[in-house]
1. Going through region 515-565 one residue at a time, which ones are crowded, with 24+ Cβ neighbours inside 10 Å and farther than 22 Å from residue 156 by Cβ?
2. Kindly indicate which of 258, 286 is open to solvent by less than 10 Å² (accessible area, probe 1.4 Å) and under 25 Å from the mean Cα position of the chain (by Cα).
3. If residue 590 meets every condition in (1) part of a strand (DSSP E or B); (2) over 28 Å from the mean Cα position of the chain (by Cα) apart from one, which number is that one?
4. Of the residues 636, 648, 613, 705, only one is crowded, with 22+ Cβ neighbours inside 10 Å, over 23 Å from residue 111 (Cβ atoms) and of a type in the set (Gly, Ala, Ser); which?
5. Return only the number of the condition from (1) at pLDDT below 95; (2) farther than 30 Å from residue 187 by Cα that residue 55 does not satisfy.
6. Name the helices (runs of 4 or more DSSP H) wholly within region 270-360 that hold at least 3 residues that are of a type in the set (A, V, I, L, M, F, W, C) and closer than 17 Å to residue 230 by Cα?
7. When you look at residue 138, is it touching a strand residue (DSSP E or B) at 6+ places or on another chain (Cβ under 9 Å) and among the hydrophobic types (A, V, I, L, M, F, W, C), yes or no?
8. May I ask you to verify whether residue 161 is among the charged types (D, E, K, R), more than 15 Å from the ligand (Cβ to nearest atom), in contact with a helix residue (DSSP H, G or I) (Cβ under 6 Å, 6 or more places away or on another chain) and at pLDDT 95 or above?
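The values are calculated or read from the model by the stated rules, or taken from the named source; none is laboratory data. Since the structure is predicted, the reported quantities are computational estimates derived from the model, not experimental observations. All Cβ positions, glycine included, derive from the backbone under ideal geometry; neighbour counts span all protein chains shown. Each accessible area value is taken on the protein alone, full model and side chains, heavy atoms only, with ligands, DNA and RNA left out. Shrake-Rupley method; radii C 1.70, N 1.55, O 1.52, S 1.80 Å.
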Amino acid sequence: MKTKPKSVALAVSAALFLQTAQAATPDERASQAVAQMTMAEKIQTVFAYFSTDFKGVARPKEGVPQAAGFIYGVERLGIPHQQLTDAGIGVASQRGEKVRERTALPAGIATAATWNPALAYAGGAMIGKEARLSGHNVLLAGGVNLVREPRNGRNFEYGGEDPLLAGIMVGEQIRGIQSNHVISTLKHFAFNDQETGRNHHDTKIGEAAARMSDLLAFQIALERGDPGSVMCSYNRVRGDYACESDWLLNKVLKRDWGFKGYVMSDWGATHSTIPAALRGLDQQSGWPFDKSPYFKDALQEAVENGHVPEARLNDMVHRIVRTMAKHGLMEHPVQIEPEKIDFAAHAKISQADAEESIVLLKNDKGLLPLSGSDKRIAIIGGHADAGVLSGGGSAQVYPVGGLAVPNEGPTEFPGPIVYFPSSPMKSLAARSNAKFVYHDGKDAAAAAKLAADSDLAIVFANQWTAESVDQPDLSLPNGQDAVIAAVAKANPRTVVVLQTGSPVTMPWLASAGAVVEAWYPGTLGGEAIARVLTGEVDASGRLPMTFPASESQLPHPKVNGSDAPRDTRFLVDYDVEGAAVGYKWFDKRKQTPLFAFGHGLSYTSFAYTGLQAVAKDGSLVVTFTTQNSGKRDGKAVPQVYVAKPGGAWEAPKRLGGWDKLALKAGERRASSVTIDPRTLALFDAKSNKWKIAAGEYVVTLATAADAPVGTVKVRLPAREFAAGGR
Ligand code: BGC
């Protein structure tokens, strides 16, 4: 048989690649592509640029400006460029002259606080749509690091402290993003649970504890969201850099969980060529952040000299091209056409998310919802006259219409502090006949005087958190505790609205009439806050993380490494708490937090009846009925906790499932919650299996980790399943 001359074969292959798209599987298409690629083309597929001028390295001209990453495509094979953007809450923009202005969802922690997977999906779908119209086809989203460290500066980007809640919520957001023919990451794999020394610290944790905590969150998010890529993190894990951890990447992710996508490094997290390639890294990201372009000439040389088998390079490329084919990146090319973005519709998606995320922490004096009879209302602090806060760092989304408060915060990364132009005060005023008077809250005495002269005071207290820096402690910054205390003393009818990315302590709690946690509420956050405060919508957020009463209650009373000399290696000993993260630690130590995981009040009341737990065909199904027993419409979040008496688990109980129900006044509805079997199991590192012990289990229906409403017992047979199963 005659073979075609090479040049003709090259010319037709791009067309063939696309033509066969319908018939061939992503794997077949990737194999065909890899078979036709030159060494140079393979190398260019696994090597990424930063799509912003940085450290004297110019962005490739084909890359979207002020974006996170760029990888050359192979035009002759129909493989497009990969255009990367951060996308945790929306299409981000790197700092610079002309930032992209896009819709921002509330922070990831806020979306987790909705306990409503449908909102997470809708928010993700919104981001994916805007990303496509911004010219991006690979989205850096899906942050699911657990809140082990409540002072972690990036908690706002993540899904809270519980692996089931975080995994499901973040997984749904990824699924939403990828419904747009774009790829999403899941990150930061793994144990990058603090920012202090993030490039240097080494996480110590036993295998079983790892699998039952942080890794379980990743595993669940992976199953739910099926992300095309996983981003390995900056830190070391059990001695090795995460991006060259054979255990994490090859064993846990690719072998046990059967991950067929590709692993990209975090920006500056690639530390070698040969170890990284052999131990599972598939693509070096943003190379100017690393010491060297490890996956360029050095990788080619390593392959040519046999230090890295060519089959391994082919595997890297196969994974990347397969993922692009699977998500339709070839058939659905992206274009920069922001004029097609429906900003008004997208803002409403963000607002719906924010409204369900707001947590009513305290409402003792029935101050909320606002009665409408107050004539003069003091609004104090937090720039509430201008806008709402957002968290800082690479996930920063810049608001349409510009910054509501210019020139705040650091001039360098992770600044500036960005406020979205949605003023809670203006939104409240639009719904009220009262006179609203604003005070910036910088002078406690003056703020207290205004409060004393008003019928009601609403203090907005802000905690700006950002990538690369942890909070020094759990206190609100900038003397805000003193201002709140003074205001609440002057007027007991004081409502405190928190915009924080993490839990804070509240030394003034006893004197405040009502407290609301609004997180960073996104593009229309002011509207969302106003609608919850006025009761136009119920307060239906529930805490996705414990609010400790003090630092002394934490497994690590001081942030690990906060005393370590800069840029030195130190150990972060997660064996202290093991898998007992958050409420599990508090339960185990019998500590009373300030507010428990799962806590959140409603403007109505709910009654729960008919709790039953039935073991059937290997799964545990819990059923019950919720009735809105109050006079207002509202949303309930009944939570199911499971426990195995005998103390073999890391903690007395675990969240096994939940429901979120919108119920009209008087309405009742049945729920059926299937318990994730891993929340009933222990991971056995020796056999590499999950094992459910035979015996009696206690199932508790609760409205928070510390608020049970009913308990039943159920006997389960012994059962075991593979590390990647359920
Ligand atoms: C962050 C990642 C981000 C990347 C690209 C890193 O500093 O840790 O979350 O996706 O930058 O901007």
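1. 538, the sole residue that qualifies.
2. That would be 286, the only listed residue that is open to solvent by less than 10 Å² (accessible area, probe 1.4 Å) and under 25 Å from the mean Cα position of the chain (by Cα).
3. (1)
4. It is 613.
5. With respect to (1) at pLDDT below 95; (2) farther than 30 Å from residue 187 by Cα, residue 55 is out only on (2).
6. Result: 274-278, 310-326.
7. yes
8. no
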